[in-house]
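Comments concern the structure below.
Read-outs: derived from the displayed coordinates by stated rules, not from any lab. For clarity, every value in this text was computed on a predicted model and none was experimentally measured. Here Cβ is always computed from backbone atoms with ideal geometry, including for glycine, and neighbour counts include all displayed protein chains.
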Amino acid sequence: MMKLGLMRIVILALSALPFAGAAQADTLPLSKINRKIESHIQRSNTTQNMQCLAFILKDFQERKIRKSDIYVTFDDSNIDGLGVGLAETDENYTCEAGELRPGKGMPTSV
């Protein structure tokens, strides 16, 4: 009887794993990203993706966009890297495999 209960728990836990990854996607304003979150983002991404992110953030800084208007998406199972977008606009990008990719509604030449 005890083995049957433990087996059910293991099966339930394993069946929930695919949903656990999708639930961990986070989108935060750049102004809310602290050192701990920044460290997590760096550890979970390639150097190329981090360089891509730095390129985008430098562009936003030159355009004098406030940090609170810049949103960063990480730990998203649909993105093999990072997503970056501006609040209340269609301007968004992803850094996947070290490549800068425009989001939907963006011109193909960035």
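Here each label is just a point 7 Å from Cα along the line to Cβ, and for A25 and A54 those points are 2.8 nm apart.
Take every Cα pair under 8 Å whose residues are at least 6 apart in sequence, average their separation, divide by the length of the stretch 25-102, and the relative contact order is 36 percent.
Net charge within 11 Å of D76 by Cβ-Cβ distance, Lys/Arg positive one each and Asp/Glu negative one each, not counting D76 itself? For residues surrounding D76, the net value is -4. How large is log10 I(q)/I(0) at q = 0.18, 0.28 Å⁻¹ when the Debye formula is applied to the Cα atoms of the stretch 25-102, each weighted equally and without solvent? Summing over Cα pairs of the stretch 25-102 leads to -0.66, -1.64.
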